[in-house]
Structures are given as structure tokens and as C-alpha cells.
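See structure below.
The values are calculated or read from the model by the stated rules, or taken from the named source; none is laboratory data. Keep in mind the model is a prediction, meaning the values are calculated, not measured. Positions of Cβ are generated from backbone atoms using ideal geometry, with glycine treated the same way; all protein chains shown enter the neighbour counts. SASA here: full protein model, heavy atoms, side chains in, ligands and nucleic acids out. Shrake-Rupley method; radii C 1.70, N 1.55, O 1.52, S 1.80 Å.
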Amino acid sequence: MSSGGLVMLAEPARLERDIRKSLFLARAAPVATPAEALAFVRAVSDPEATHNCWAYRIGQAYRSDDDGEPGGTAGRPILQVIDGQGFDMTVVVVTRWFGGIKLGAGGLVRAYGGTAAECLRLAPRVPIVRRTRLAFHCGFGDLALVRARLPLLDAVVEEEAFDSEGARLVIAVPEDDAAQVTARIADLTRGQSVPRAEE
């Protein structure tokens, strides 16, 4: 499932633009947590630049910062671009080196938003697949077969704990495929292992 069509960056991206003698550099990256987003902001911000404006969106968590530009002219337009292009788990920093010509509030909105938009538009993206966790116990007799089939089911083993009879596995599978994966594992183990949703 692609969460209503949400996407994330496949890899970090960058784009430079000259706008009325100011240089604007957009850098974007995929991130999993707000702390990771803020670490990226700190890592790419240039202390010699005039402004390092940024925004991130990670699910319901979002923030933006104008870094000294007039309120609402930089960070918010960057965030609107992230949301408008359907990105999640994404941070964008647009750095400006002032070239001597003032752009005005409207010009700043267009410059920051436009640079961020073009950067994301050209960046490689991948759909976001929401996953659900399933837990089950698998006897030693079936374990090798089940482990061999999990990649074919797009199932990722997140936990594995052995005991005297086999192993308890926690796997992450695409939400839309959970019922199919559960049925397949039950079939492979002749009903001995039936995955259940794990919180």
C-alpha cells in the first residue's frame, strides 16, 4: 500500500538556482525521525550563508524555519512544497547567499518554494509502503523453508528468538499483504504456525 500515494526520496538530492544575483541551494534527504531531520539541517547548513531555511514532514510531525527571512516567506513555502508533491519522511534545506538585490516577500516565497519544488520534482522517489508486524512460532522442521520463502512474500525478519522447539519470529510485511502472508505461512507449516498481528 502506498499510503494514499505518498512518496519519499530514494536518495539525497540537491539543486542550485541563481535568482536575481542570489544563489539558492536546495538539499533534500529521506529521514525517519525529527531528530534525524534536524541533524541533516545542522550538517548541511552553511554558517557563511545569509540564510539556511528548512522544513520537514514525517507523518504527523512537521516543522519549518525562516532563519531570519521575513516570517512565512521561506520555511512555510518549503513545507507546502513537500506536502504538495506528496512527500513524507523528507527534509529540505534551502540555503541562500544574498547577491545584493532584495526580492520582497513575494519574491522570497517564489524563490524558496520554487527552488525546493524543482529539487524535489527532479529527485528520484519511491512509494512509501506501510508495513505491519506479524509474530509467530516456527518449529525447527519448518524453519528453513519458511525463512527461504519470506523474501518472496516481501517479509522482513525484524526479530528472531530461538528456544528448544524452534524460533519465534517477528516479521514486517506490507499492510495490504498481511492476510495473504499469514495464509501462506500457515500453508507452509501445515497449520502449525499462524502469524498474529504484533503491536
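Of the residues Gly141, Gly107, Gly84, which single one is surrounded by fewer than 18 Cβ atoms within 10 Å (Cβ to Cβ) and farther than 28 Å from Pro30 by Cα?
Gly141
Tell me, yes or no, whether the range 2-15 has at least one residue that is at pLDDT 95 or above and either among the β-branched types (Val, Ile, Thr) or under 17 Å from Arg76 (Cα atoms) (or both).
no
Which condition does Val93 not pass, out of (1) of a type outside the set (Lys, Arg); (2) under 15 Å from Arg57 (Cα atoms); (3) free of Cβ contacts under 8 Å to residues at least 40 places away in the same chain, if it passes all the others?
(3)
Please state which one of Arg57, Arg63, Arg27, Arg76 is touching a Leu at 6+ places or on another chain (Cβ under 7 Å) and either within 23 Å of Leu9 (Cβ to Cβ) or of a type in the set (Phe, Trp, Tyr) (or both).
The unique qualifying residue is Arg57.
How many residues are in contact with a Phe, Trp or Tyr (Cβ under 8 Å, 6 or more places away or on another chain) and open to solvent by less than 40 Å² (accessible area, probe 1.4 Å) when one looks only at the range 28-39?
The qualifying residues number 3.
Quick one: in the range 117-129, of everything that is touching a strand residue (DSSP E or B) at 6+ places or on another chain (Cβ under 6 Å) and assigned to a loop (DSSP other than H, G, I, E, B), which residue is surrounded by the fewest Cβ atoms within 10 Å (Cβ to Cβ)?
Here the answer is Val129.
From the set of residues in the range 55-72 that are open to solvent by 20 Å² or more (accessible area, probe 1.4 Å) and in a strand (DSSP E or B), which is nearest to Ala105 (Cα to Cα)?
My answer is Asp65.
Can you pull out the residues in the range 130-174 that are assigned to a strand (DSSP E or B), without any contact (Cβ under 8 Å) to a residue 40 or more places away in the chain and among the small types (Gly, Ala, Ser)?
Ala161, Gly166, Ala167
For Leu23, all conditions in the list (1) buried (at least 19 other Cβ atoms within 10 Å of the Cβ); (2) assigned to a strand (DSSP E or B) hold save one; what is the number of the exception?
Exception for Leu23: condition (1).
Would you check if there is a residue in the range 178-195 being open to solvent by less than 80 Å² (accessible area, probe 1.4 Å), assigned to a loop (DSSP other than H, G, I, E, B) and within 30 Å of Gly99 (Cβ to Cβ)?
There is no residue in the range 178-195 that is open to solvent by less than 80 Å² (accessible area, probe 1.4 Å), assigned to a loop (DSSP other than H, G, I, E, B) and within 30 Å of Gly99 (Cβ to Cβ).
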